[in-house]
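Below you'll find the structure, written out as structure tokens, and then a few comments.
The values are calculated or read from the model by the stated rules, or taken from the named source; none is laboratory data. What you are looking at is a predicted structure, and each value in this text was computed from that prediction instead of being measured. Neighbour counts are summed over all protein chains in view; Cβ atoms, including those assigned to glycine, are modelled from backbone coordinates with ideal geometry.
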Ligand code: XIL
């Protein structure tokens, strides 16, 4: 037996899957998912840029593959995402001259978009990351096109629309770095305002793209408790653990080279050292120990991928790095981290 069985009475264990996995092209990955995972999230296939054609028409093929895969393997399916500044073409927000469209126009587009996609999968998708990444890295509301046109109300709108179409779907606000102090408080304040205005937000999605050495377990624990205290169910939605040198906090002199590929920023090109692999295993173990401690507050822990070969971190924030952030290696074999998490 695998993780799914071991965590049955704790919380759901999920994985993000890409279209190639969802189309059944990797029998070895399908087997892992059947044994280890109880939930799936589409890595890209339900984003605006994936489901909409340039002329605004709909392209359902990839999203349908995902839904069929989830149904076939009896998996709890999570939608991702209804309103996000990323992977959404500028033409949604701007006219041909490059000027912002009017608030009423964007509201109409949101109505059509959200009503259609939530309606199509109503009763089949159990939850939605309704709004993604609305708080900026400066802990202020992100000045996205959505925000610039509609203000914070774009968030209310997205939640209300989704809730009207599918009242049974569990609706989450999803964001990154909100398990760290600073952004945690900003995000909690936003959620308080939403709740006060009667916005139907039921869960917090903590993306949790973390590193081996941070954020600290106590910081993450504070966040779980802070969001649960607001009456929200807690979901870890995009967990992965980076062992590569972090580039965000480089000294000022190096800021301009931050995203440049340099060999010293890719130290494990030909494989993880034993020391690095041990760090990764211990980090996964301490994270899952914390999740288990708070299992009464946590509904789901989803990893952003199954095996390292398909992780987005191979290309982010630096193209072409060799990343090792998941529980299965590039040969789709379970890592020591997997065994440690399984044994808890
Ligand atoms: C990433 C996907 O994994 C990549 O394949 C894609 O190129 C970019 O987006 N936060 C999110 C996810 O909410 O949608 C992002 O997924 C990772 C960060």
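Scanning region 109-127 for residues that are closer than 14 Å to residue 48 by Cα and either within 16 Å of the ligand (Cβ to nearest atom) or without any contact (Cβ under 8 Å) to a residue 60 or more places away in the chain (or both) gives 109, 110, 111, 112, 114, 115, 116, 117, 118. State yes or no: is residue 224 away from the ligand (no atom under 16 Å from the Cβ), within 22 Å of residue 239 (Cα to Cα), modelled with pLDDT of 95 or more and assigned to a helix (DSSP H, G or I)? Considered against the rule, which asks whether it is away from the ligand (no atom under 16 Å from the Cβ), within 22 Å of residue 239 (Cα to Cα), modelled with pLDDT of 95 or more and assigned to a helix (DSSP H, G or I), residue 224 comes out as yes. Filtering region 178-190 to residues that are touching a helix residue (DSSP H, G or I) at 6+ places or on another chain (Cβ under 7 Å) and crowded, with 22+ Cβ neighbours inside 10 Å leaves 178, 179, 184. Considering region 192-221, and only residues there that are in contact (Cβ under 8 Å) with a residue 40 or more places away in the chain and in contact with a helix residue (DSSP H, G or I) (Cβ under 7 Å, 6 or more places away or on another chain), the residue that is farthest from the ligand (Cβ to nearest atom) turns out to be 197. Please go through region 287-330 and give me each residue that is on the phi < 0 side of the Ramachandran plot, in a loop (DSSP other than H, G, I, E, B) and within 18 Å of the chain's Cα centre (by Cα), ordered by number. Hits for region 287-330 are 304, 306, 311, 315, 316, 317, 323, 324, 325, 326, 327. Of the set (1) more than 16 Å from the ligand (Cβ to nearest atom); (2) touching a residue at least 40 places away in the same chain (Cβ under 8 Å); (3) within 19 Å of the chain's Cα centre (by Cα), all apply to residue 269 but (3).
Looking at 258, 300, 319, which one is loosely packed, with under 14 Cβ neighbours inside 10 Å, within 16 Å of the ligand (Cβ to nearest atom) and either over 20 Å from residue 2 (Cα atoms) or modelled with pLDDT of 95 or more (or both)? Quick ask: steps written out before the conclusion?
On the way: 258 fails: within 16 Å of the ligand (Cβ to nearest atom); 300 fails: loosely packed, with under 14 Cβ neighbours inside 10 Å.
None of the others qualify; the one that does is 319.
Before we move on, is residue 181 assigned to a strand (DSSP E or B) and within 19 Å of residue 230 (Cα to Cα)? When the stated conditions are applied, residue 181 does not pass them. Scanning region 27-44 for residues that are touching a helix residue (DSSP H, G or I) at 6+ places or on another chain (Cβ under 8 Å) and either within 16 Å of the ligand (Cβ to nearest atom) or assigned to a strand (DSSP E or B) (or both) returns 29, 40, 42, 43, 44.
Working only within region 23-75, note down all residues that are closer than 21 Å to residue 330 by Cα and within 17 Å of the chain's Cα centre (by Cα).
In the first step, residues of region 23-75 are kept if they are closer than 21 Å to residue 330 by Cα; the result is 23-37, 40-44.
Selection gives 37, 40, 41, 42, 43, 44.
In region 144-154 there is at least one residue matching the filter, namely being touching a helix residue (DSSP H, G or I) at 6+ places or on another chain (Cβ under 9 Å), within 16 Å of the ligand (Cβ to nearest atom) and in a loop (DSSP other than H, G, I, E, B). If you go through region 64-91 and keep only what is part of a helix (DSSP H, G or I) and under 18 Å from residue 110 (Cβ atoms), you end up with 90, 91. Exactly one residue among 96, 71 is surrounded by fewer than 21 Cβ atoms within 10 Å (Cβ to Cβ) and modelled with pLDDT under 95, and that residue is 96. Residues in region 157-176 that are buried (at least 19 other Cβ atoms within 10 Å of the Cβ) and either touching a helix residue (DSSP H, G or I) at 6+ places or on another chain (Cβ under 7 Å) or in a loop (DSSP other than H, G, I, E, B) (or both): 157, 158, 161, 162, 166, 169, 171, 173, 175, 176.
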